[in-house]
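The values are calculated or read from the model by the stated rules, or taken from the named source; none is laboratory data. No experiment lies behind these values; they were computed from the predicted model shown. Because the Cβ atoms are built from the backbone with ideal geometry, glycine has one as well, and the counts that use them run over all protein chains shown. In case anyone asks, the SASA skips ligands and DNA or RNA and just uses the protein heavy atoms, side chains included. Shrake-Rupley method; radii C 1.70, N 1.55, O 1.52, S 1.80 Å.
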Amino acid sequence: MLLASIRFKIVLWHMLILSLALFIFGLVLYQNLHRKISEDTDDILRSRAKGIEESIDTYWEAERMDIAEGDAKVHLTKEDNINFIRIARRWVGEKINDPDLINIVVRIFDAHGNPIASTKNIPTEHLSPRIFYNVKKGADHLENAYLDVNEEPTSFRVFTTPVMEYKRLSYIVQVASPLSPLHEVLRNLGFSLLFLLPLTVVLTGLSGVFLVQLTLKPVDQMIETIHQITAENLKLRLKIPGTKDEIESLAKTFNQMISRLDEAFTTQRQFMEDISHELKTPLSVLKGELEVTLKKIRSTQEYETALHSSLEEVNKLAGIVENLLTLARFDAKTTTLMAVSLDLNLLIKESVEAIQVLALQKEITLQYNSAHSVEILADKNQLRRLILNILDNAIKYTQLGGKIAVDLRQQKNSADIDISDNGIGIPEKDLPHIFDRFYRVDKSRSSIGFGLGLSIAQSIVKAHGGKIFAKPNLPQGTIFTISLPIKLK
């Protein structure tokens, strides 16, 4: 469980990335230091070689003046000159304890690569042919090499430079600095990095564990609260941590989700209560009539009357079930619209005439202000059902002798149908909910209820890409407005 936790993963990735960064840093530091020390060593060797050349030349000039004192025409050169060899050896003997040369090996070679003098106890040997070949052409030579010092092989950085006189090789100066100090510095740096970098990673990992624990503490509290939330306890909400980061956003989002779930569960419970009520009434009537009929033997006419009454209740039940199936199809988007080009004006006129009989039973005046032809692309049967549902609802809640008016208006991109009545009206606070299934204006069972008709009407309108809404018809009544696009979206 620990290895799979987000805490472990965060700390592990942090340590891995830090290890990689520190490794690269240590590698770059090591290489740069090595290069810097090597360059400084090379510069020192060049400087010492130049100083040795100048110092030997000073000795030589003084000697040459003494030798040529009696004859100014005498031209002495250092090449293969016994006096120069003597001067070079004397210079080495005098400078062997020079502080500037204390850690440097100086070797002097003649123009043929033969050793003349050396400041350290190094075996006498000729200059290697490879080095001699380069310096003979007037080029400097740098390399790492092993020299035997006191019969012990020692690693040196060796710089060899030719000294030219009259464009000819006069002698060769070779200076060498032991590499052991460089290796020691690099070794100490390597040991330090090998110790400090892992220690840094471990300490950072430990501090990372603490910081992750501190950061994810609100998440632990959220998880504890989430475990307490059930279908019966959807009113419980997460505590907003106030961190103003993703965790706070997560808590707010989860609370919003719980609110939607709570609303959905509440709606579902209310829906189940309402549908139970809607089904209970016809079932109770049906049961009662059958029980009464069966209490004694009846005449044929009485049985026929009972069966007709029972059939009415069965038809009511079938209607409720059919409406529920219709809404389910709309919700699942499995209802296919059979869209055809039709005259909306003619369809409204036919619908008004079809429901006129219900209006006459309540002495309601149902008037359609016929307009010119309005062609739209829609499902004829679904639109007829939509109009009849709204008209049936208006007739149901309009008193005896009331009025219902139907108007058709053509807009630029839509056709608008207004169905207004002067019935009992709907409180404005309930208008946004009247399209909910089995919605009632108040919680009392004797209150105004809208069943499934308006829900089906809204689903039909939405399937056509239109809109439907209701508003008060002052001073009394309600106006339903249906707006349908000329062409299906």
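Cut-off under 22 Å on the C-alpha distance; same-chain residues fewer than 8 positions from K333 excluded. Which lysines are left, in chain and number order?
K380, K462, K467, K487, K489
Identify, among F109, P475, H433, the residue whose Cα sits farthest towards the positive end of the charge dipole of the chain, taking +1 on the Cβ of Lys and Arg and -1 on the Cβ of Asp and Glu, with the dipole about the Cα centre.
The Cα lying farthest towards the positive end belongs to P475.
In the stretch 1-54, what chymotrypsin sites (Phe, Trp or Tyr not before Pro) fall in a loop by DSSP, with at most 14 other Cβ atoms inside 10 Å? Don't skip to the answer; put the middle values down first.
On the way: sites: F8, W13, F23, F25, Y30; in loops: none.
For chymotrypsin sites (Phe, Trp or Tyr not before Pro) across the stretch 1-54 that sit outside H, G, I, E and B with at most 14 neighbouring Cβ atoms in 10 Å, the list is empty.
Report the extension gain between E184 and D220 in nm, rounded to one decimal, defined as 0.36 nm multiplied by the number of residues separating them, less their alpha carbon distance.
Details: separation 36, 0.36 × 36 = 12.96 nm, distance 5.22 nm.
That works out to 7.7 nm of additional length.
Which value results when the Cα radius of gyration for the stretch 376-423 is divided by 2.2 N^0.38 Å? Walk me through the intermediate numbers first.
Working: Rg = 12.6 Å, N = 48, 2.2 N^0.38 = 9.6 Å.
For the stretch 376-423, the normalised Cα radius of gyration is 1.31.
Among the trypsin sites (Lys or Arg not before Pro) in the stretch 207-272, which ones are in a DSSP loop with at most 16 other Cβ atoms within 10 Å of the Cβ? Mind listing them?
Numbers: sites: K235, R237, K239, K244, K252, R260, R269; in loops: K235, R237, K239, K244.
The qualifying sites are K235, R237, K239, K244.
Between T266 and Q399, what is the label-to-label distance in nm when each label sits 7 Å out along the Cα-to-Cβ direction?
Those two pseudo-labels are separated by 3.4 nm.
Enumerate by residue number the trypsin sites (Lys or Arg not before Pro) in the stretch 327-432 meeting two conditions: DSSP loop (anything except H, G, I, E, B), and at most 12 other Cβ atoms within 10 Å of the site's Cβ. Mind showing how you got there, number by number?
On the way: sites: R329, K333, K349, K362, K380, R384, R385, K396, K403, R409, K412, K429; in loops: K333, K362, K412.
Of the trypsin sites (Lys or Arg not before Pro), the ones in loops of the stretch 327-432 whose Cβ has at most 12 other Cβ atoms within 10 Å are K333, K412.
Just from its helices, what would the mean residue ellipticity at 222 nm be for the chain, if runs of 4 or more DSSP H residues each count -39500 (n - 2.57) and the sum is divided by every residue, rounded to the nearest 500 deg cm²/dmol?
Roughly -19000 deg cm²/dmol at 222 nm, from the helical runs in the chain.
Taking the Cα centre as origin and putting +1 on Lys and Arg beta-carbons and -1 on Asp and Glu beta-carbons, what dipole magnitude results for the stretch 323-426, to the nearest 20 debye? Working shown, then result.
On the way: 11 positive and 12 negative charges, 42 e Å.
The calculation lands at about 200 debye.
Using θ = phi - 60° and the Karplus curve 6.51 cos²θ - 1.76 cosθ + 1.60, what whole-Hz ³J(HN,Hα) does each residue of the stretch 225-242 get, with Gly and Pro shown as x?
These are the phi-based 3J(HN,Hα) values: 5, 4, 5, 8, 7, 10, 4, 8, 9, 7, 7, 6, 10, 6, 6, 6, x, x Hz.
Taking just the C-alpha trace of the chain, give me its Rg and Dmax in Å.
Both quantities, over Cα of the chain: 53.8, 174 Å.
Quick one: accessible area per residue over the chain, 1.4 Å probe, rounded to a whole number of Å²?
Numbers: 29530 Å² over 489 residues.
For the chain, the solvent-accessible area averages 60 Å² per residue.
Quick one: angle between helix 82-95 and the longest Cα principal axis of the chain, in degrees between 0 and 90, rounded to 10, please.
60
Please get the size of the charge dipole for the chain, origin at its Cα centre, with Cβ charges of +1 on Lys and Arg and -1 on Asp and Glu, quoted in debye to the nearest 20. Could you put the intermediate results ahead of the total?
Values: 58 positive and 60 negative charges, 358 e Å.
The calculation lands at about 1720 debye.
Taking the Cα atoms only, what angle lies between the long axis of helix 380-396 and the longest principal axis of the chain, rounded to 10 degrees?
60
Straight-line reach only, C-alpha to C-alpha below 16 angstrom: list the aspartates and glutamates that K78 could link to, leaving out same-chain residues fewer than 8 apart.
Straight-distance partners of K78: E53, E54, D57, E61, E63, D66, D110, E165.
Roughly how many whole Å is it from the C-alpha centroid of the stretch 155-181 to that of the stretch 79-154?
First find each Cα centre; the distance between them is then 7 Å.
Between W13 and N83, how many nm apart are label points set 7 Å from Cα along the C-beta direction?
Each label point lies 7 Å from its Cα, and together they span 8.2 nm.
Angle between the Cα long axis of helix 300-332 and the longest principal axis of the chain, 0 to 90 degrees, nearest 10?
20
So, with +1 on the Cβ of K and R and -1 on the Cβ of D and E, and no other charges, what is the size of the charge dipole of the stretch 153-291 about its Cα centre, to the nearest 20 debye? Don't jump to the answer; show the numbers that get you there.
Working: 14 positive and 15 negative charges, 255 e Å.
My answer is approximately 1220 debye.
Need one number: nm distance between label points at N255 and K467, each 7 Å from Cα along Cα→Cβ, rounded to one decimal.
A separation of 3.2 nm, rounded to one decimal place.
State the answer as a single residue: which of I355, L250, V321 lies farthest towards the positive end of the charge dipole of the chain, with beta carbon charges of +1 for Lys and Arg and -1 for Asp and Glu, about the Cα centre.
Farthest along the dipole direction, towards plus: I355.
As a test of reading the structure, rank I486, I456 by solvent-accessible area (1.4 Å probe, protein chains only), most first.
Numbers: I486 40, I456 0 Å².
In descending accessible area the options line up as I486, I456.
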